Amino acid sequence: MIKNNAWFLLLLLSLMACKQRETIDPVAETFELNVPAYFGPYNDRIPEDNPITEEGFQLGRKLFYEPRLSKDNTMTCSFCHQQEKAFTDRRAVSIGVDGLPGKVSAMSLVNLMWSDNFTWNGKDPSIEEQALEPIQNPIELHQSLEAAIEKLEQANYQDDFEAAFGDPEITSEKIGKALAQFERALISANSKYDQYLRGEYQPTASERRGIELFYTHPIPGQLRGGNCGDCHLGPRTSGALEGFRGFHNNGIDSEETMDAGLYEVTGNPADSGKFKAPSLRNIAITPPYMHDGRFKSLEEVLDHYNTGIKRSPTLDILLKEGSNEIVNPNEPVDLGLTDQEKEDIIAFLHMLTDEDFVSNPRFSNPFTNAE
Ligand code: HEC
Ligand code: HEC
C-alpha cells in the first residue's frame, strides 16, 4: 500500500513537473544544480517565471563578465565580485567605475537562493531586481539600462537572448533574469565542512570543538558555546529566511555611531543598526569583515563577539543574553570564550572554504575560458 502510494506520488509529481514546464514554456533543458539535501528543499526558492536553464545560465555568465554593462566599457560585475575571492573584492568598500568609493563592502555571492532580501540593509527584494541596480548605480557601473541594451544589441547578443528566452528582443527584465539564473547557480557545497557532513572527512580535534562551539547557545556553568549558529543558521551559515528575520544588530556600534541599516528600508527606528547576517561560507578568504569592512581578520571578529559588543537599544537579545558568564546588565557584554575556544571557532570557519567553488570553470569568465 505504502509502495503504491509512493508510486502515485511520483506520478503526480512528474505530472506536475510536466504541467509546470508547459506553463513556463522553457526553450531549453532544465538545469542540474548540485544542492545537498541538508541545505533544505530549493524548488520553491526558484521563481516560476525564471527557471534556470543552461542557455539562461550561460547568458547570465556572459553578462556578469561583460564590460559593456558599464559606462565606459571598463568595469564588470566580476570586478567587485571575483570568483577566486568567493565573489568579493577584498576591499573594505568597493570602488566604482568613476573611481569613487562606496560606503559598504562587496558581498560574497554564494547560495543566494536561500535569501529573500539582498544587500547589507535588505533594500532589494529579489535577485532579478538587485541585478539591475549595480548597472545604474553611480558608484558602480553607472550606465542607464537603455544604453546597456543598445550596446548589447550592437554586440549581437540577440541570439543569446533568443536561446535563453525564446525571443531575440533584449530587455532590462531579461538582463535581470539571466544574471539571476547565473547567480542562483553559484552554490558552494564542497567545503571541508560539507565533506565532514557527508562522512568523507575526519575533523581535527580543534575543528570538532569549533563546530560544537559555533552551533551551541551557551548556558553559564553548564554548556559552553559561541552562540554563532543562533544567527548564522544551519549548514548554510546564513540568516533566517522569512522577511527581515535574518537581520540583526550584532553590536559593532553604539547608538551614537551606528549606521541606519535596515531602518533605511523599513523606516522603523527599532531596525537601526540591523544588517543582513551573511553566509559565512568561504569567510576565511573574504576579509575584511562586516558591512563596512572594519575588521581585518577573523581574530578581530572573534575578539569583537567575545569582548567588544557595544550595548544599544537595538542590540540583539541573543548577544545581550548569550554568554558563558552570568551577564550583568550594567556591565559590557562578555561572551566569555577562552583563547583556545576562539581559535577552535576560527578553525571551523576555515573549514567553510570551498576550493571547488572558487575554481569551478563553469563560474569563470567565458570570454577567456570557454568551458
Ligand atoms: C563597484 C563594485 C560592484 C560592482 C561593479 C557590482 N557590485 Fe554587487 N555588490 C557590491 C557591494 C558594495 C554590495 C553591497 C551593497 C549594499 O549593501 O548596498 C553588493 C551586493 C550585491 C548583491 C547582494 C548579495 C546579498 O547577499 O545580499 C548581489 C546579488 C550583487 N551585488 C550582484 C551584482 C551584480 C549582478 C553585478 C553586475 C550587474 C554587481 N553586483 C556589480 C559591489 C559591486
Ligand atoms: C545576533 C546575531 C549574530 C550572532 C549571534 C553572531 N553573528 Fe556574526 N553577524 C551578524 C550580522 C548581522 C552580521 C553583519 C553585520 C554587519 O556587517 O554590520 C554578522 C557578520 C559576521 C561576520 C562578517 C561577515 C562578512 O561577510 O563580512 C563574521 C565573520 C561573523 N559574523 C562571525 C560570527 C561568529 C564567529 C559568531 C559567534 C562567535 C557570530 N558571528 C555571531 C549576526 C550575528
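The values are calculated or read from the model by the stated rules, or taken from the named source; none is laboratory data. Fair warning: this is a prediction, and the values are worked out from it, not measured in the lab. Reconstructed Cβ throughout: ideal geometry from the backbone, glycine too, with neighbour counts over all protein chains shown. Each accessible area value is taken on the protein alone, full model and side chains, heavy atoms only, with ligands, DNA and RNA left out. Shrake-Rupley method; radii C 1.70, N 1.55, O 1.52, S 1.80 Å.
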Determine which single condition Y201 fails, assuming it passes every other condition in (1) in the same structural domain as F64 (by TED's automatic domain parsing); (2) in contact with a Lys or Arg (Cβ under 8 Å, 6 or more places away or on another chain); (3) surrounded by fewer than 19 Cβ atoms within 10 Å (Cβ to Cβ). (1)
Tally the residues that are crowded, with 19+ Cβ neighbours inside 10 Å and within 16 Å of ligand 2 (Cβ to nearest atom), restricting the search to segment 56-88. 5
Among (1) away from ligand 2 (no atom under 16 Å from the Cβ); (2) touching a residue at least 12 places away in the same chain (Cβ under 8 Å), where does E169 come up short? (2)
With criteria (1) open to solvent by 20 Å² or more (accessible area, probe 1.4 Å); (2) closer than 18 Å to W120 by Cβ; (3) within 13 Å of ligand 2 (Cβ to nearest atom), N268 comes up short on (3)
Output the helices (runs of 4 or more DSSP H) that fall wholly within segment 45-154 and possess 3 or more residues being over 20 Å from R362 (Cα atoms) and near ligand 1 (Cβ under 9 Å from one of its atoms), or say none. 127-136
Hey, any hits in segment 208-215 for a residue that's more than 13 Å from ligand 2 (Cβ to nearest atom) and either hydroxyl-bearing (S, T, Y) or in the same structural domain as Q58 (by TED's automatic domain parsing) (or both)? no
